[in-house]
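Peer 1: Below are the structure tokens for one structure; questions will follow.
The values are calculated or read from the model by the stated rules, or taken from the named source; none is laboratory data. Here the structure is a predicted model, which means the values were calculated and not measured. For neighbour counting, all protein chains shown are included, and Cβ atoms are generated from backbone atoms with ideal geometry for every residue, glycine included.
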Amino acid sequence: MLLEARDLHVAYGDIRAVSGVSFRVDRGELVSIIGANGAGKTSILGALMGIVPLARGTIVYDGDDITGLPAFRRARAGIRLVPERARVFPRLSVTENLMTGVYRQRKKVPLAERIAWLYELFPILAQRRDQPAATLSGGEQQQLAIARALISDPQLLLVDEVSMGLMPKLVDRVFELLEDLNRNHGLTILLVEQNALASLEISQRAYVLETGTCVAEGDTRDLRRDPRIRQVYLGSGTD
Ligand SMILES: Nc1ncnc2c1ncn2[C@@H]1O[C@H](COP(=O)(O)OP(=O)(O)OP(=O)(O)O)[C@@H](O)[C@H]1O
Ligand SMILES: [Mg+2]
């Protein structure tokens, strides 16, 4: 097991955003947390990264209790977050933006090799490498944000609502990329998404979050057959 979250609670003043959520991510897995607006998805990722305080709960990562660790120590341990509506530095070029993600590489792969690998994965970024990031489309900026999170070879990638604002074709492309990173490059990924259809398709397991609590969990194959999940999250009735 790479990550285990037990009984997480997040509150903002009187607002209870997350109330007793537990989940795990095994090494090499791609796991989704799906849920509607305000379900608590971003709060959970913030708590995992150490940028949102936990009211209660325990986070164990790679065998260590990291519950009290500051964000930079978690980053150092190989956790990276692609935030919701990730921003890039508009005046910096694509390559310069990638360089801002460099932080404590675990394996000593030369940076030039790493960048070449990323440009292979994201050909559109390679084409635009010397352009200011402000000139990229929203979807291209989204890809740049993912690439930036990958540059220092993370062990666990947390991805917040990467499909937001993308046209369906691009959503497919970005999800295929995450699937490829997971299946063929051994990257462990925790995805939070409103787009249940796309995320259940690429995940091995998923958790369903409703107003701060987990209401269902399991293999995505089973969840996709669950009549209630189908109706509420997949926009279809039973077969
Ligand atoms: N900084 C904050 N201050 C007060 N309330 C907050 C704050 N951040 C989030 N909340 C509230 O906590 C709840 C959970 O929010 P969160 O952003 O975690 O949901 P989400 O599942 O990521 O939603 P979305 O799909 O819209 O991104 C919501 O009711 C939200 O209004
Ligand atoms: Mg969110």
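Peer 1: Considering only the stretch 47-60, I want to know if a residue exists there that is crowded, with 17+ Cβ neighbours inside 10 Å, more than 14 Å from ligand 1 (Cβ to nearest atom) and within 20 Å of L178 (Cβ to Cβ).
Peer 2: no
Peer 1: Here's a follow-up. Quick one: would you say G40 is within 16 Å of ligand 2 (Cβ to nearest atom), at pLDDT 95 or above and at positive phi?
Peer 2: Here the answer is yes, as G40 does meet what is asked.
Peer 1: Same structure again: Please work out which one of (1) more than 30 Å from E96 (Cβ to Cβ); (2) within 16 Å of ligand 2 (Cβ to nearest atom) is the condition L191 fails and give its number.
Peer 2: The one condition L191 does not meet is (1).
Peer 1: Which one of these does I189 not meet: (1) buried (at least 22 other Cβ atoms within 10 Å of the Cβ); (2) part of a helix (DSSP H, G or I); (3) at pLDDT 95 or above?
Peer 2: Unmet condition: (2).
Peer 1: Among the numbered criteria (1) over 20 Å from V18 (Cβ atoms); (2) among the aliphatic types (A, V, I, L, M); (3) touching a Gly at 6+ places or on another chain (Cβ under 8 Å), which one does L156 miss?
Peer 2: Here L156 meets the rest and fails (1).
Peer 1: Residue under question is G235, and the condition is that it be part of a loop (DSSP other than H, G, I, E, B) and over 29 Å from A116 (Cα atoms); does it hold?
Peer 2: yes
Peer 1: Residue by residue through the stretch 23-45, note down the ones that are in contact with a Pro (Cβ under 9 Å, 6 or more places away or on another chain) and buried (at least 22 other Cβ atoms within 10 Å of the Cβ).
Peer 2: Within the stretch 23-45, just L45 meets the criteria.
Peer 1: In the stretch 196-228, what residues are surrounded by fewer than 21 Cβ atoms within 10 Å (Cβ to Cβ), without any contact (Cβ under 8 Å) to a residue 40 or more places away in the chain and outside any strand (DSSP E or B)?
Peer 2: L197, E201, R221, D222, R224, R225, D226, P227, R228 - these are the residues of the stretch 196-228 that are surrounded by fewer than 21 Cβ atoms within 10 Å (Cβ to Cβ), without any contact (Cβ under 8 Å) to a residue 40 or more places away in the chain and outside any strand (DSSP E or B).
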